[in-house]
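The values are calculated or read from the model by the stated rules, or taken from the named source; none is laboratory data. If you're wondering where the values come from, they're calculated on a predicted model, not measured in any experiment. Here the Cβ positions follow ideal geometry from the backbone for every residue, glycine too, while neighbour counts run over all protein chains shown. Accessible surface areas use protein heavy atoms only, side chains included; no ligands, DNA or RNA. Shrake-Rupley method; radii C 1.70, N 1.55, O 1.52, S 1.80 Å.
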Amino acid sequence: MNNPRISLCMIVKNEEDVIAHCLRSTRTAADEWIVVDTGSTDRTVEIAQNEGATVYSREWLNDFAASRNESIELATGEWILVLDADETLEEGQGEMLRQLVADAADADGFFVRIMNYIGTDSKQANSSVSASLRLFRNKPAYRYAGRIHEQIVQPILTAHPQARLIYSSLQLNHGGYLPEVVQKKNKVQRNLELLHKELENTDNESFHRYNLGIEYMRMGDFEHGLEQLRSSKAAADWTLTSFGHVVIIREAHCLQVLERWEEAIQLCEMAVQRLTDFPDLFFVLGRIYYHLHNWSAARNAFRQALAIGEAPPQYTSISGAGTYGACFHLGKTCEQLRDYDGAVQHYANALKLNPTLLSPFLRLIGLLAHLHDAEEVTAKLGQLFQLESAKTWWSIALSYYQLGLYEQAVAILRSREMPTEKKEDRSLLLLRCRFLIDGVLNEDEDTQEVQRAAPLNQTHTLQKSFYQALVQNDDKLAKLWLTRLEDRKNSSQKNTANYRSEKTLPDLPHVSITSFGNNPSAEVDAPSELILNFFAYLVQDQGKHVLPLDLPPSAYEAFWSELHFLYTLAVSEHLFALQAQVQAYWRSLLTLLPNPVERLKGRYQLIKTVHVRIYQIIQSGRDNLEYASIWNDVKLKLMTLIDDLLLEGAF
């Protein structure tokens, strides 16, 4: 089989927080790693070299295309793969990429899916999916053009009009336009300066006006953003440009923020006549009608979005606009129309399309509890989802736990078969549920019950004793059990020697962070190390706590789960000092995680933990309040805000 050589080409400057993640994600995809550094003053060059990249230092000429092309000139591969430092190749897709290239006898390039984590206000989605040509043949005529928002497609088609460019299922995850990243690197000001220079001498005014509009929106200047977007439409027929559909969506967002609702409706109604296969337009239109309490019109718009389904690959699309997002909003709209059976079905459909969503489950459980007796809720779920697999029952138990329905979670964990690989997770989840139900465990009853349902391993047994000491406010005993946990970890962990750099967590004295190099044995033990560091902070006044940063996603998932549990336990047991400690540690850690996508996930978990409690308070509000009409109006607005916040993590 043909195995063409693949060169990863990057241009970077001051990317020490993310470049290791980027390079590691392509380890199985590329044969050489070319990094052109344009003036880093941090550890970017050192880290890239440690990861196996060949680094070249070049002067920054305020021209992205020129730097891109310089990196390509240095490559020796037959194919070029282009990534930015704040992007990562989706886990496990290295071999898929190689297979695409090996089978591409007549292809000139491949579009990949870019999952853009953009971070916006509550009126907009948290991520979007777009297509970008990032994998193409290394031919002298195939070079980038454009000082900013550089393009490769048109140069390829100009050099070879019959070039075959194929859409693929490869995915890059991009976190470079999360708000804190944009602010830290002053991207908006840089982009504005370069775009204004381009406008001085360009034959593509429409494209640059569109990008100016985006930058003004990032600044929060929606008036000027709207002005530039409309100038883009005036400079060229938006229906004939590849980015025209995005101009319309962004213009609609500006109008929503500016509360110019009728203009937004007119714009979307006009655009849907031309872009009949673009679900995002109907999705945005539905949200506008929902905001205006025009329930019937909102339902029709969401139905049209759902009928289209996922957007074709040539569109930049809001995640879930034609699938789970449309289903969820249809459910909300049906609730307003008092079509409760319809709402239940739409929420169930949203969960079938994306089982990780919390908002549909929150609303689904609330509706089922309203329509049925408590003991019938699980049976109704079984009917909706045709619950047959152990994996599905595990998801239901975990969802009950996340919603604070601990008795129901325990009932499922006791009575239903769970996946074999979730055996230890099951025991830990059951243990946590018993703590959250009873507070201090009764050793003769609760502990024996947990052991019968799902025997605890040695580590979980020690954790149980540590939790017990925290609930009893016995710091001396908690320190003892922490020492036992540390001994347990040290006995199984191999010594590793890796490069490290330390930072101090803000507002947390004596705590520092270490970055570890690539070492499989270290990664296996890293989650325990991360959790134990947190435990140590809770019970120790002095001493340094070293936290590994470069961990696999599973390590952080386990850590967020631990934080969620201890925060919830502190709230339920009125342990105010513990609650404050968990919150402070959580928020401080989020400021220093180098991977922006992991920061987003951690922030989502924090939002979810706090807002599930708000949801429970709202849902338990009495219907016969003296100011019921005012409360119901506020309740609708609050629930919409919470839905938006909780959905962000799934986008």
Hits in segment 198-255 - residues which are assigned to a helix (DSSP H, G or I), open to solvent by 30 Å² or more (accessible area, probe 1.4 Å) and either aliphatic (A, V, I, L, M) or touching a residue at least 60 places away in the same chain (Cβ under 8 Å) (or both): LEU199, ALA234, ALA235, LEU240
Restricting segment 333-365 to residues that are open to solvent by less than 10 Å² (accessible area, probe 1.4 Å), small (Gly, Ala, Ser) and at pLDDT 85 or above, the residue that is nearest to the chain's Cα centre (by Cα): ALA350
Residues (part of a loop (DSSP other than H, G, I, E, B) and touching a Gly at 6+ places or on another chain (Cβ under 7 Å)) located in segment 5-25: ARG5, LYS13
The listed residue being modelled with pLDDT under 90, closer than 19 Å to SER67 by Cα and surrounded by fewer than 19 Cβ atoms within 10 Å (Cβ to Cβ), out of ASN138, ASN191: ASN191
Selection status of LEU441, within 29 Å of LEU381 (Cβ to Cβ), modelled with pLDDT under 85 and out of contact with any helix residue (DSSP H, G or I) (no Cβ under 6 Å at 6 or more places or on another chain): no
Among (1) at pLDDT 90 or above; (2) exposed (fewer than 14 other Cβ atoms within 10 Å of the Cβ); (3) closer than 18 Å to PHE64 by Cβ; (4) not aromatic (Phe, Trp, Tyr), the one test that GLN151 misses: (2)
Search result, residues across segment 376-415 that are out of contact with any Asp or Glu (no Cβ under 9 Å at 6 or more places or on another chain), open to solvent by less than 50 Å² (accessible area, probe 1.4 Å), modelled with pLDDT of 80 or more and hydroxyl-bearing (Ser, Thr, Tyr): TYR401, TYR406
Residues located in segment 304-331, provided they are in a helix (DSSP H, G or I) and surrounded by fewer than 23 Cβ atoms within 10 Å (Cβ to Cβ): GLN304, ALA307, ILE308
Residue among LEU547, LEU551 that is open to solvent by 10 Å² or more (accessible area, probe 1.4 Å), at pLDDT below 85 and not in a helix (DSSP H, G or I): LEU551
Single condition LEU566 does not satisfy, out of (1) open to solvent by less than 20 Å² (accessible area, probe 1.4 Å); (2) part of a helix (DSSP H, G or I); (3) modelled with pLDDT under 80; (4) not basic (Lys, Arg): (3)
Yes/no for SER40 being touching a Gly at 6+ places or on another chain (Cβ under 9 Å), of a type in the set (Ser, Thr, Tyr), open to solvent by 20 Å² or more (accessible area, probe 1.4 Å) and modelled with pLDDT of 95 or more: no
